[in-house]
Structures are given as C-alpha cells and as structure tokens.
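This report refers to the structure that appears directly beneath it.
The values are calculated or read from the model by the stated rules, or taken from the named source; none is laboratory data. Owing to the predicted nature of the structure, the values given are computational and were not obtained by experimental measurement. Don't worry about glycine lacking a Cβ; one is built from the backbone with ideal geometry, like all the others, and counts go over all protein chains shown.
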Amino acid sequence: MNGGASLLVVVGGDGSVNEVANGIHDLPDVEIAVIARGTGWDFVRTYEIPHAVDGAIDVALTGRARTIDLGRVLYRAWDGTEAESYFANVASAGMSGAIAKRANETTKALGGKVSYLVATLAVFARWQNSEVRLSVDDEIRGGRMHDVVVANGRSFGGGMKICPDAEPDDGLFDVLTIGDLTKRDLLVTLPKTYRGSHLPHPKAELLRGATVTIDADVPLPIELDGEQPGTTPVRFELVPKALRVRVPD
C-alpha cells in the first residue's frame with residue numbers, strides 16, 4: 001500500500017496531519033515529517049518542530065523518530081450514520097466543535113490565534129450548555145458543560161495550551177471537562193490558556209484514561225484535529241504506539 005516508502009512529508013496544517021494519520025494508522029513502518037503551512041500549527045507545538053520552513057526541513061532530514069499514540073473515534077456522522085475516524089493531536093465535544101467550524105468558515109488572514117480567538121468569543125456569546133454525560137475509564141461525570149477536551153497533544157485552537165502536561169506516548173488521554181462558565185470566567189481564563197496556566201480552575205477537572213465516552217441531551221458537535229465530522233454520542237479509544245513522527249534530535 002505504501003509502495004515501500006518509509007518517510008512521508010506532510011506539508012500543511014493540523015487537518016493535513018489528521019488526513020495522513022487516518023490513512024497510515026495501520027502502517028507502523030511509515031514515519032511522517034511535518035512542515036507546518038496551515039493556520040493553527042497546533043500539532044507541531046507539542047514536539048517543538050519549528051514553524052520556519054528551513055527548520056522544519058532540517059528536522060525532516062536529520063530528526064529522530066518518536067512513536068506516539070493515536071485516538072480512534074466512533075461517532076455519529078452529520079448524515080446520521082455511525083462513523084469511525086482517528087485523531088493525532090486534540091479532539092473535543094461541545095462548544096469547541098462549533099468554534100472550529102466558525103473559524104474554518106471565516107477568513108484566517110490574521111493567523112490562527114486571532115481567528116480562533118474571534119471565533120471563541122462569537123460562539124460563546126450564543127452557546128447554550130446542555131447536560132453532558134461522560135465516562136473516562138471507570139470515572140463517571142455529569143452536569144452542564146461547555147466542553148470536554150480529549151487530548152493526546154497539548155495545544156489546540158491556534159496555540160491554546162489546553163492540556164499542557166499531555167504526553168502523546170504515555171498510553172493515556174488527558175481529558176479536560178469545562179463546566180458552566182460565565183462571561184467573566186471566560187475573559188479571565190482565556191488569556192491564561194495561551195500560557196498553559198489556566199489549571200487548576202474551579203469549573204474544570206482534569207482526568208486521565210484510555211477510553212472516553214460522551215453523550216448529551218442535545219447532540220454536541222465533535223472536533224478532531226480541527227475538523228468537524230459529526231456529533232455525539234462519541235467514544236474515544238486510545239491506540240498505543242500507532243504513529244511515528246520525526247522530531248528534533
């Protein structure tokens with residue numbers, strides 16, 4: 001299937017990495033190198049792969065391989081059928097799915113950080129929370145939530161270090177629940193996410209596990225590496241050591 005190739009160079013953004021991960025998740029001998037040319041650049045942040053083209057090319061030529069986990073996702077597609085996809089960086093269910101959709105549908109001329117920030121403020125202003133039911137391995141949670149973030153990597157949304165301690169090869173997702181935020185909560189906390197200093201927070205909880213299920217009274221949009229393929233109910237399963245990424249030596 002891979003024609004004997006051992007290295008695949010991905011030139012693009014998080015969505016391009018997502019497409020490639022979905023295509024080669026069952027080809028463990030293929031390694032990817034990433035030259036970030038998209039908007040968000042969130043995947044490369046976890047691995048400190050340079051944004052500059054020359055630096056990224058150098059990593060592609062001389063870097064070392066790091067074998068990371070992937071997430072397998074079972075969800076309801078927009079047409080109502082059951083679907084399956086994989087993600088490499090960060091997934092979520094709730095408001096962030098609507099934020100990613102709005103950011104993707106509007107201009108990104110000002111860059112990923114500004115695009116996602118504007119989309120966050122716009123979506124938050126009209127978002128209506130619903131009751132969410134969540135399981136992380138044996139832990140059960142429920143209540144009104146804005147978001148549930150399922151992280152393999154550390155950043156999403158154009159540089160928000162949403163789960164700053166996530167390790168993409170530890171066999172566990174970092175799962176962040178974001179509760180019933182007020183406008184003041186958002187305005188105070190949002191700047192901290194870019195520094196990774198927003199935790200602990202009284203309306204957030206960080207859990208860790210290898211299997212996550214999310215359901216809600218009203219179907220919530222899901223987001224996988226910035227893509228929006230469908231809604232809850234959704235199940236996330238960690239697939240250990242499934243993707244080889246070339247990182248700085």
Is it true that Lys203 is modelled with pLDDT of 95 or more, over 26 Å from Leu70 (Cα atoms) and not hydroxyl-bearing (Ser, Thr, Tyr)?
yes
Name the residue that is surrounded by the fewest Cβ atoms within 10 Å (Cβ to Cβ), counting only residues in the stretch 41-67 that are farther than 23 Å from Val114 by Cβ and of a type in the set (Asp, Glu).
Asp54
Looking at Val239, Val175, can you tell me which residue is under 27 Å from Val17 (Cα atoms), at pLDDT 95 or above and crowded, with 22+ Cβ neighbours inside 10 Å?
Val175
Condition first: modelled with pLDDT under 90 and more than 18 Å from Ile222 (Cα to Cα). Can you find one or more residues in the stretch 123-146 that meet it?
yes
Can you tell me which residue among Ser115, Ser155, Ser130 is surrounded by fewer than 21 Cβ atoms within 10 Å (Cβ to Cβ) and of a type in the set (S, T, N, Q)?
Ser130
